[in-house]
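Working notes, structure below.
The values are calculated or read from the model by the stated rules, or taken from the named source; none is laboratory data. Everything numeric in this text was worked out from a predicted model, so none of it was measured. Here Cβ is always computed from backbone atoms with ideal geometry, including for glycine, and neighbour counts include all displayed protein chains.
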Amino acid sequence: MSETGKSTRVTFVNSNGQELSAQLDVPPSGQAHAYALFAHCFTCNKNYKAPVFIARYLASQGIATLRFDFPGLGGSGGDFSETTLSANVQDVVAAAEFLGREYAAPRALIGHSLGGAAVLLAAKSIPSSELVVTIGTPSRPAKLGQRLEVARQQAIQKGVGVLEVSGRSFELKKSFFEDIASSELEKSVRDLDRKLLVIHAPEDKTVPFDSAEELMEWAHLPKSLLSIEGADHLLSKESDAERAANAIAIRIPK
């Protein structure tokens, strides 16, 4: 990978008054021809491999990228148990508004897994965005995997469910499951008037590849699908993340 520039810690406040932690990766020259925004995957944070690798590669191509932590994760304030997809959408909009005030409004919105659903839903509220990118994103977020379904049942019975991820425990309230069930992702994709790039691994064991196919079916042109053979859901190999980043960079012309 070529020279990537520098990464600076910044913070901004969301609509709920919570301070969110972010990293801004800028080109080596300090001058960017475009800005992008990265929303990380569910229960992840801005310092997971995919957001770091992708942001650094984009910086090497002259594109500055803001990657931020959703509330209660990484360095951000707030309580993760209060999270909802709708709140994540508002956080994406707040991040875009911060970029617009302090630097330049984002031309690209990038979302990983459930973060991809958030940027798809947020795009209509971010007029500067020309490109929306999803990575391993579920087309039907309310179609829960087994572990989330167990947490949902607990939340129905007790008010709070517990999700176990890689040895960590995350509490989720019933409001999370009610909110995600009411999300209108299909409508947002069908109404999307931006370029769409869907990135997915055929072997993804967390979000099946048919989600990518369904997103492509719903979307209007211009749209494209990048299938990354051999990659995992987290896009944790640098070569896989760089391949994704290159596909993003060529769609953000100078």
Count of residues meeting criterion [more than 11 Å from Cys41 (Cβ to Cβ) and either in a loop (DSSP other than H, G, I, E, B) or over 8 Å from the mean Cα position of the chain (by Cα) (or both)] in the stretch 112-127 | 8
Taking the stated definitions as given, is Val160 surrounded by fewer than 24 Cβ atoms within 10 Å (Cβ to Cβ) and not assigned by TED's automatic domain parsing to the domain that holds Ser81?
-> yes
Please find, among Tyr103, Tyr35, Tyr57, Tyr48, the residue that is of a type in the set (Ser, Thr, Tyr) and crowded, with 24+ Cβ neighbours inside 10 Å.
-> Tyr57
State which residue pairs qualify: first residue assigned by TED's automatic domain parsing to the domain that holds Asn47 and inside the stretch 6-31, second residue of a type in the set (Phe, Trp, Tyr) in any location, beta carbons under 6 Å apart, and separation of 6 or more residues or different chains.
-> Phe12/Phe98; Leu20/Phe12; Leu20/Phe68; Ala22/Phe68
By my count, helices (runs of 4 or more DSSP H) wholly in the stretch 164-254 with at least 3 residues that are more than 24 Å from Ala122 (Cβ to Cβ) are 238-249
With respect to the numbered conditions (1) closer than 19 Å to Phe170 by Cβ; (2) assigned by TED's automatic domain parsing to the domain that holds His33; (3) free of Cβ contacts under 8 Å to residues at least 60 places away in the same chain, which one is the sole condition not fulfilled by Ala117?
-> (3)
Test: Asp240 is in contact (Cβ under 8 Å) with a residue 40 or more places away in the chain, among the acidic types (Asp, Glu) and either farther than 15 Å from Gly111 by Cα or out of contact with any strand residue (DSSP E or B) (no Cβ under 7 Å at 6 or more places or on another chain) (or both) | no
Please work out if Glu186 is modelled with pLDDT of 95 or more, under 30 Å from Leu99 (Cα atoms) and touching a Phe, Trp or Tyr at 6+ places or on another chain (Cβ under 9 Å).
-> yes
Is it the case that some residue within the stretch 146-157 is part of a helix (DSSP H, G or I), more than 30 Å from Phe98 (Cβ to Cβ), of a type in the set (Val, Ile, Thr) and over 17 Å from the mean Cα position of the chain (by Cα)?
-> yes
Please tell me if Ala142 is over 17 Å from Pro51 (Cα atoms), in contact (Cβ under 8 Å) with a residue 40 or more places away in the chain, among the hydrophobic types (A, V, I, L, M, F, W, C) and not in a helix (DSSP H, G or I).
-> yes
Within the stretch 15-32, can you find the residues that are out of contact with any Gly (no Cβ under 8 Å at 6 or more places or on another chain) and buried (at least 21 other Cβ atoms within 10 Å of the Cβ)?
-> Ala22, Gln23, Leu24
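With the structure loaded, tell me whether Glu171 is touching a residue at least 60 places away in the same chain (Cβ under 8 Å) and either over 30 Å from Arg243 (Cβ atoms) or buried (at least 23 other Cβ atoms within 10 Å of the Cβ) (or both) or whether it fails that test. Please lay out each step first, then the result.
Details: touching a residue at least 60 places away in the same chain (Cβ under 8 Å): yes; either over 30 Å from Arg243 (Cβ atoms) or buried (at least 23 other Cβ atoms within 10 Å of the Cβ) (or both): yes.
So Glu171 fits the description; yes.
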Restricting attention to the stretch 86-103, the residues that are in contact with a helix residue (DSSP H, G or I) (Cβ under 9 Å, 6 or more places away or on another chain) and more than 17 Å from Val132 (Cα to Cα) number exactly 2
Among residues of the stretch 235-254 being under 15 Å from Pro202 (Cβ atoms) and aliphatic (A, V, I, L, M), the residue surrounded by the most Cβ atoms within 10 Å (Cβ to Cβ) is Leu235
